[in-house]
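As C-alpha cells, the structure follows; a few thoughts come after it.
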Amino acid sequence: MTGHISAGDTAWLLAATALVMLMTPGLGLFYGGMVRKKNVLSMIALSFIAYAIVSIQWVIYGFSLAFGHDIHGFIGDLCYFLLPNFYNMVWPGTSVPALVYVAFQLVFAAITLAIITSACAERIKLSAFIVFGLLWTTFVYDPLAHWVWGGGWSASLGALDFAGGTVVHISSGFGALALALVIGKRSGFGEYDMEPHNIPMTLLGAALLWFGWFGFNAGSAVAANASAANAFLVTNTAAAAAGLSWMFASWIKEGKPGSLGFVSGAVAGLVAITPAAGYVGVPGSIVIGIVVGILCYNMMLFRISRGLDESLDAWAVHGMGGLWGAIATGIFATKAVSDYSGLIYGNVHQFVVQIIAAFAAVAYAFVVTFILAKIVDAVIGLRVTEEEEYVGLDISQHGETAYA
Amino acid sequence: MKKIEAIIRPEKLEDVKKALESKGIVAMTVSDVKGRGEQKGIKLQFRGRTMEVDLLPKVKIEIIVEDSKVDTVIKTIADAARTGRYGDGKIFVIPVEKSVRVRTGEVEK
C-alpha cells in the first residue's frame, strides 16, 4: 500500500462515479426522444450496450492502455491488464483507492462511446455497432485518454483538460462526424421530416445528463475540496448560460424558443465547461456558456444546411462545443482557482498549447474513426437493409416495439 | 358530395398536404393507423429466418369534396404519395349524404 486513503475523497469519488454512470442511460433517453418512435428502443439500447461493452473492455485492458506505463507518449502498456494487485493500491497522486479511480475513469469511457451513437441513429446494425464500439473505444478513446490523463504527449506539453473536453467530447463529436460520413444518410433524409417523437423524454434525458455532470466535472478534482466545489458551480453556471443563449438565438432566428433548443444549449454548456471546470472561475464560465450556446446552435444549422445526417448533433454539440471548451480553457484559466492562467492574463503559451492539443485530438479522432468505420463496413456492413430501416430498428434489431 | 379516404405512407403526409393545398384543398382529417395490403406487411430475412412485420404504420386522410373535385383530389394524392413500391397505399371514394357545419348549423348536401 502506498499513500494514504482519504475517506472524504473516496466517498465523493464513489458517489461521483455513480452520478456519471447515470448519464449514459440518460443520454439514451436524450437521444431516444429525438428519433422516430420506431427506433426509440434501439437508441436507448445502444447507450446501455455501449456502457456494457466499455465496462468489460475497461477492466480487462482499456484502463491499462490509457493509464499503463507510457509508450512514446502515445498509449499505455498492458501492465494493468486485469488490474493486478489493485485491491490495496492507492492511486498515485490521489488519496483514493485505485479501484475507485478505475471505476470513475470507466464511466467516462463508457459515455464517450454512447455519444457517438448519434451518428448512426435509426440505421446501424446492432452487431456492427458492437464490433465498431469495441474497436473505437480501444483505438480512439484509450489513446486519447492516455495523451491527456495517462502521462502521454499532450499532458507533457502542458495541455489542460480537467474532465475530458478533448478526450470525451472532441473525440466522440468528431468521431460521430466521421461515422456519419461512412454510414451515410438515413433513407428519406432531406426528403421528409424526421421530427423528434417524444420531446419530454429528451428533456428528462437532459435533466439526467445535467445532474450526472456534477459527478463528471466536480468528480474530476478526484478529491472533495475547493477545486471540486469550483467545478460544481462553474458547471451549473455554464449550462444555464448556454441553455439561455441557445434559446435566445433560436428565438430570434425562428420566432419561438423550443424546449429542445434550450436543453441542447444546456448540454453544449456542460460540454464546453468540461475541460475548463478546474481552471476557470464563475465569470469565465458565464462567457464560455453564452458563446457555446450560440456557436453550437449555428453549427447545427450549418450541419443541416450541408445536408449532413449526423443525426442527433453529437458533432455540433460535443465536437464543436468541446473544441471551444478546450480553447476557452486556454483563454479564461485563472490563478484564482488553480496554478494555471490563460490568454486574458497574458499567457499566450497556454492558449497555443490548448489549440495544438485540441486540433490533434480532432484530427486523430476523425481519421481513425473514419478508418475503423470503413473496415467494419467492408467486413460486416454497418447498415441494416432498407426494409429493416423502414420498419424500424426496434422491430428489426430487437424484436420489440416501444408503444402499443 | 364524396368522402375520399386515402391510406398512405406516413412519411408522405407532408408532400400530400402541400400538393392538396396547391390545388386549393385545405380541409382534411388525418389519423395514424396501422394496416396491411396484399403482401401482408413486410418480410424481413434475418440470418436465415424470416420475420414478418404484418401491420405497418400508415396515415389515413379523410377529405369531403364536391363530386366535381373528386378526380383532381385522387390524382393529386396519388401523385404525391407514390414511390412505386409495395406499400404506397389505397384511395377509397365514398358517397356522403350531407354535412353540417357545427358552428352555424349550415347544411350542405
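The values are calculated or read from the model by the stated rules, or taken from the named source; none is laboratory data. Source: prediction; values computed, not measured. Cβ placement follows ideal geometry from the backbone for every residue including glycine, while neighbour counts extend to all protein chains displayed. Protein only, heavy atoms only, side chains kept; ligands, DNA and RNA dropped before computing areas. Shrake-Rupley method; radii C 1.70, N 1.55, O 1.52, S 1.80 Å.
Just a few scattered comments:
- When each of A:D313, A:D394 is tested for being among the acidic types (D, E) and away from chain B (no Cβ under 14 Å), the lone residue that passes is A:D313.
Rundown of residues vs (1) among the aliphatic types (A, V, I, L, M); (2) open to solvent by less than 60 Å² (accessible area, probe 1.4 Å); (3) within 27 Å of A:G258 (Cα to Cα); (4) touching a Pro at 6+ places or on another chain (Cβ under 6 Å), yes/no style:
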residue: A:G8; (1), (2), (3), (4): no, yes, no, no
residue: A:L19; (1), (2), (3), (4): yes, yes, no, no
residue: A:F30; (1), (2), (3), (4): no, yes, yes, no
residue: A:K37; (1), (2), (3), (4): no, no, yes, no
residue: A:S42; (1), (2), (3), (4): no, yes, yes, no
residue: A:L46; (1), (2), (3), (4): yes, yes, yes, no
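- Being among the aliphatic types (A, V, I, L, M), surrounded by 10 or more Cβ atoms within 10 Å (Cβ to Cβ), in contact with a strand residue (DSSP E or B) (Cβ under 7 Å, 6 or more places away or on another chain) and in a strand (DSSP E or B) is a property that B:I74 lacks.
Residue by residue, here is whether (1) within 30 Å of A:R383 (Cα to Cα); (2) not in a helix (DSSP H, G or I) holds:
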residue: B:I7; (1), (2): yes, yes
residue: B:E11; (1), (2): yes, no
residue: B:A19; (1), (2): no, no
residue: B:G24; (1), (2): no, yes
residue: B:A27; (1), (2): no, yes
residue: B:G37; (1), (2): yes, yes
residue: B:I94; (1), (2): no, yes
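- Residue identified as open to solvent by 30 Å² or more (accessible area, probe 1.4 Å) and in a loop (DSSP other than H, G, I, E, B) among A:L312, A:L301, A:L308: A:L308
Residues checked against (1) among the polar types (S, T, N, Q); (2) within 12 Å of chain B (Cβ to nearest Cβ); (3) open to solvent by 60 Å² or more (accessible area, probe 1.4 Å):
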residue	(1), (2), (3)
A:I355	no, no, no
A:A360	no, no, no
A:A363	no, no, no
A:I371	no, no, yes
A:V379	no, no, yes
A:L382	no, no, no
A:T385	yes, yes, yes
A:E389	no, yes, no
A:A402	no, no, no
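- Filter pass, A:G212 being within 17 Å of A:G319 (Cα to Cα) and open to solvent by less than 30 Å² (accessible area, probe 1.4 Å): no
- For segment A:56-94, the tally of residues that are over 15 Å from A:S156 (Cα atoms), among the β-branched types (V, I, T) and not in a helix (DSSP H, G or I) stands at 2.
- Residues of segment B:18-29 that are surrounded by fewer than 16 Cβ atoms within 10 Å (Cβ to Cβ) and within 14 Å of chain A (Cβ to nearest Cβ): B:K18 alone.
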